[in-house]
Amino acid sequence: MSATSARPSHAAQPSGSAFILKKALISALVALVLFSLMIGVRTEAGPQGGLIYWTRFGDLAALVGAVFGGSIVVELLRQWWGPVDKDRIVPKPVQSAMSFAGRWLAPALLVFTFLVPVIFYNQRYILDLSILVLTYVMLGWGLNVVVGLAGLLDLGYVAFYAVGAYSYALLATNFGLSFWVCLPLAGILAAFWGVLLGFPVLRLRGDYLAIVTLAFGEIIRLVIINWQSLTGGPNGVSGIPRPTMFGIPLTAGDDGLAAKLGIEFSPTHRLVFLFYLILAMALITNWVTIRLRRLPIGRAWEALREDEVACRALGINTTTTKLTAFATGAMFGGLAGAFFATRQGFISPESFTFQESALVLAIVVLGGMGSQLGVALAALTMIGGFELFRGLDQYRMLVFGMAMVLLMIWRPRGLIGHRAPTVFLERNQAISSDLVKEGHG
């Protein structure tokens, strides 16, 4: 059999205009069925208690038409980007441009992030949104240790977020400890709870592990709600102290930072300080994660992610590997929770629901499990994207869902999928035949 005949034929795959139109019509029909009651007909309770409705067939037709046109564009792009004999049909200039952009994207984003308070100093909304995005970037990087590096599906990550937040809030309000003293304590307590979660799930994997971690997150939330004497229950904890800069408060008093520097006080000073604080915490999280990946424990996490059975066969202690992954990810979540508490000044159980865990997990999966840059881009897209469509209340989740579907079609491993091992041989090494004879290896 010749090499030509053994090679799979790509011409046999349907790719003509009839096939594209057929898929577009099917997609439009599915959209018509799904959105007929969601968009085409709107119902509300009338003034007399009865149900009233009105039709929006124009919006429905526009949506179906958009799906039809979008399906055609998707198929055309798929053929343009699709593999042919393991080579992509992307022009060389486009490939070189994408490679150049990929090399300089991370440094450009970092420089822009440092300049955000300077560029948007008088726009409080932008600063608040930037702080929120960086908080989710840190949470995503923390969960990336558990899900992306170790391959352990954790649906209860919000529990460690809550432990860190309540640890700082209770220690600061009851014992008068400062933020800088409580911050490491919150991380240590969250890591301790991460180890406690890790012990019961040592033998679990996949869906069963996800269910147990989900239950753990709900248990923590219910304990916070019902232990009213300690946590305040549904009322939460208020009056949480703000962070200081080396013991100097950022207030308008004579002992404030502005008075000591001889400048006019502005509430924006505290926002800028919080922005650079969470940026420093996120960068430390990124640096620690990158360093851990190159250590033996990081390589053990990657081995566990790829194949747990092979990992055990190599002599790796999977118990300590899993526990360190849970503890490390939980510690970063606890540190982010402590920052959230000091930024808000008030916390309650409503801030730590399952939706938070799902959002952070979606950031990790969409960004690319194991990719630090991908997680940052996904957090910026999801958190910032929500705000861009805040005025479109009816179509906000619809657009977001469609974007996720398109991303999963084109990039099933996330924006920047990264599964390559951290340590590998850069060149092939010749092995003597004496070492591979029977009885020698």
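The values are calculated or read from the model by the stated rules, or taken from the named source; none is laboratory data. Small disclaimer: the values here were computed from a predicted structure and weren't measured. Cβ coordinates were reconstructed from backbone atoms using ideal geometry, including for glycine residues, and neighbour counts include every protein chain displayed. To get the accessible areas, we keep the full protein, side chains included, count just its heavy atoms, and leave off ligands, DNA and RNA. Shrake-Rupley method; radii C 1.70, N 1.55, O 1.52, S 1.80 Å.
Inspect segment 317-324 for any residue being of a type in the set (D, E, K, R), open to solvent by less than 10 Å² (accessible area, probe 1.4 Å) and within 23 Å of Gly156 (Cβ to Cβ) and give the result as yes or no. Taking every residue of segment 317-324 in turn, at least one turns out to be of a type in the set (D, E, K, R), open to solvent by less than 10 Å² (accessible area, probe 1.4 Å) and within 23 Å of Gly156 (Cβ to Cβ).
Pairing residues of segment 214-232 that are in contact (Cβ under 8 Å) with a residue 40 or more places away in the chain with residues that are assigned to a loop (DSSP other than H, G, I, E, B) and open to solvent by 20 Å² or more (accessible area, probe 1.4 Å), at Cβ distances under 8 Å and at least 6 apart in sequence or on separate chains, gives Leu214/Leu155; Gly217/Leu155; Arg221/Thr353. Scoring Ser96 on the criteria (1) at pLDDT 80 or above; (2) under 31 Å from the mean Cα position of the chain (by Cα); (3) open to solvent by 60 Å² or more (accessible area, probe 1.4 Å) leaves a single failure, condition (1). Any residue in segment 424-434 that is part of a helix (DSSP H, G or I) and at pLDDT below 85? Yes - at least one qualifying residue is present in segment 424-434.
Listed by first and then second residue, the pairs linking a residue in segment 35-47 that is over 11 Å from Phe57 (Cβ atoms) and among the β-branched types (Val, Ile, Thr) to a residue that is open to solvent by 30 Å² or more (accessible area, probe 1.4 Å) and at pLDDT 75 or above, with Cβ atoms under 8 Å apart and 6 or more places separating them unless they lie on different chains, are Thr43/Ile52.
Here Gly315 meets the list (1) assigned to a loop (DSSP other than H, G, I, E, B); (2) under 20 Å from the mean Cα position of the chain (by Cα) almost entirely, failing just condition (2). If I filter segment 205-218 for residues that are under 24 Å from Arg312 (Cα atoms) and not in a helix (DSSP H, G or I), do I get at least one hit? Within segment 205-218, one or more residues are under 24 Å from Arg312 (Cα atoms) and not in a helix (DSSP H, G or I).
Within segment 351-376, the set of residues being closer than 16 Å to Phe160 by Cβ, part of a loop (DSSP other than H, G, I, E, B) and open to solvent by 20 Å² or more (accessible area, probe 1.4 Å) comprises just one member, Thr353. I'd like to check something: does segment 277-288 contain any residue that is part of a loop (DSSP other than H, G, I, E, B) and open to solvent by less than 40 Å² (accessible area, probe 1.4 Å)? The answer is no; no qualifying residue exists.
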